[in-house]
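Input: a single structure, listed below in structure tokens.
The values are calculated or read from the model by the stated rules, or taken from the named source; none is laboratory data. A quick note: this is a predicted structure, and the numbers were derived from the prediction, not measured. For neighbour counting, all protein chains shown are included, and Cβ atoms are generated from backbone atoms with ideal geometry for every residue, glycine included. Accessible surface is based on the protein model in full, side chains and every heavy atom, while ligands, DNA and RNA are left aside. Shrake-Rupley method; radii C 1.70, N 1.55, O 1.52, S 1.80 Å.
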Amino acid sequence: MKNVLSCIQPTGDLHLGNYFGAVQNWVRLQDEYNCTYGVVDYHSMTMPYNAAQLRENTWKMVFYLLACGIKPENVFVQSLVPEHVELSWILGCTTSYGELTRMTQFKDKTDQLRETDKDSFVSLGLFAYPVLQAADILIYHADYVPVGKDQEQHLELSRNIAQRFNHQFGKDYFIHPEPLFTETPKILSPADPNRKMSKSLGEKHYINLFGEEDRVRKQIKSAVTDTGDTPAGEMSAGVQNLFELLRACGHTDAYNSLMADYTAGELKYSALKEEVANAVTGLVNPFREKLAALQADKKAVKEQIQASSAEIRKRAQKTLKEVREITGLGSLR
Ligand code: TRP
């Protein structure tokens, strides 16, 4: 069975965009591949953060993934596998300064930091982030990495690092990981359909995957349908987004009949919103219940994930043992 690896930063909440864009696909891949999914807390140290909050968010994300149907044995917490950092150092020595300066996400994040504070601190960690990501991938000899298009450049870097390492040490050791881009719906902010659904924009810009039914319904009811900048004869971004949600939730019949209404010029936004609210709450309600069930015994779940992380760590340790041998480290011979 081929290996699949992907990781997510512990950001605090999981929203519909994250679910349809990534997690739903991760759940499905478990049937076909040997999957490993990391909650990457080392990565979250690259931007300003709070220690207590990081620890809390890391466990929160673990619970969210499990509630969505990720199998516990496939999940690890990155800092429980410190070998990632050791490999990252070693790979950093086969990565050039120049190629890291070309990473667009590094530029975006530095801009973002400078926007909040012009004297802000840009850490070596933020610069080296893509090397740690390469280590996450290569340490498990991943064949496929399901990611969004925004991670394409980082994936290419991982392949270049693998190739250079193999060349430098004259061994075909690391395999070249391939991205797995799947067609995923693009979910927009209900409050501003010109932007992607996102946590960083603020609370009204995302629908929580574990949200209370009342709030979710209200958010959909008040979703922006007309932004005033839609060319005549085109469907506005807000209405498109509502249709997209309906389809993503698998309510195809409602989608088709409402689309027919739209084409006939008879669509009532209130009817569309009602259907979307039913579809979304139909998805979200069971997730919320599953989460509550898991949270009823937090200790048991945490112990389970500590154990799965320890199992996954054995694979990482095996890789490091081989890499140390190849690179001339730790040997008293
Ligand atoms: N950089 C990814 C993101 O921001 C998260 C990530 C870290 C990742 N390590 C990874 C994704 C390894 C895939 C594989 O979304």
**Study point:** Selection within segment 148-170 - touching a residue at least 40 places away in the same chain (Cβ under 8 Å), within 10 Å of the ligand (Cβ to nearest atom) and more than 17 Å from the chain's Cα centre (by Cα)
**Key:** none
Revision key, fill the gap. HIS84 fails exactly one of (1) open to solvent by 20 Å² or more (accessible area, probe 1.4 Å); (2) within 14 Å of the ligand (Cβ to nearest atom), namely (1)
Study note, to complete from the structure: Scanning segment 36-52 residue by residue, those within 12 Å of PRO10 (Cα to Cα) and either within 10 Å of the ligand (Cβ to nearest atom) or touching a strand residue (DSSP E or B) at 6+ places or on another chain (Cβ under 7 Å) (or both) turn out to be GLY38, VAL39, VAL40, ASP41, TYR42, HIS43, SER44
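Could you grab me the full set of residues in segment 113-137 that are more than 11 Å from the ligand (Cβ to nearest atom) and under 20 Å from ILE8 (Cα atoms)?
Going residue by residue through segment 113-137, those that are more than 11 Å from the ligand (Cβ to nearest atom) are 113-128.
Those that are more than 11 Å from the ligand (Cβ to nearest atom) and under 20 Å from ILE8 (Cα atoms): GLY125, LEU126, PHE127, ALA128.
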Revision key, fill the gap. Within segment 20-35, of all residues that are open to solvent by 20 Å² or more (accessible area, probe 1.4 Å) and under 10 Å from the mean Cα position of the chain (by Cα), the one farthest from the ligand (Cβ to nearest atom) is GLY21
Revision key, fill the gap. Of the residues in segment 224-273, those that are in a loop (DSSP other than H, G, I, E, B) and under 25 Å from the mean Cα position of the chain (by Cα) come to CYS249, GLY250, HIS251
Check your understanding: LYS321 is checked against (1) over 27 Å from the mean Cα position of the chain (by Cα); (2) not assigned by TED's automatic domain parsing to the domain that holds LEU16 and fails just one. What number does that condition carry?
Key -> (2)
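For segment 138-147, which positions are more than 7 Å from the ligand (Cβ to nearest atom) and either within 26 Å of LYS321 (Cβ to Cβ) or surrounded by fewer than 16 Cβ atoms within 10 Å (Cβ to Cβ) (or both)? Show your work before the answer.
Residues of segment 138-147 more than 7 Å from the ligand (Cβ to nearest atom): 138-144, 146.
Within segment 138-147, LEU138, ILE139, TYR140, HIS141, ALA142, ASP143, TYR144 qualify.
Evaluate the following for ARG247: is it open to solvent by 80 Å² or more (accessible area, probe 1.4 Å), touching a residue at least 12 places away in the same chain (Cβ under 8 Å) and touching a Phe, Trp or Tyr at 6+ places or on another chain (Cβ under 8 Å)?
Values: open to solvent by 80 Å² or more (accessible area, probe 1.4 Å): yes; touching a residue at least 12 places away in the same chain (Cβ under 8 Å): yes; touching a Phe, Trp or Tyr at 6+ places or on another chain (Cβ under 8 Å): yes.
For ARG247, the condition - open to solvent by 80 Å² or more (accessible area, probe 1.4 Å), touching a residue at least 12 places away in the same chain (Cβ under 8 Å) and touching a Phe, Trp or Tyr at 6+ places or on another chain (Cβ under 8 Å) - is met.
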Check your understanding: Within segment 1-14, restricting attention to residues that are more than 10 Å from the ligand (Cβ to nearest atom) and within 11 Å of the chain's Cα centre (by Cα), which residue is surrounded by the most Cβ atoms within 10 Å (Cβ to Cβ)?
Key -> LEU14
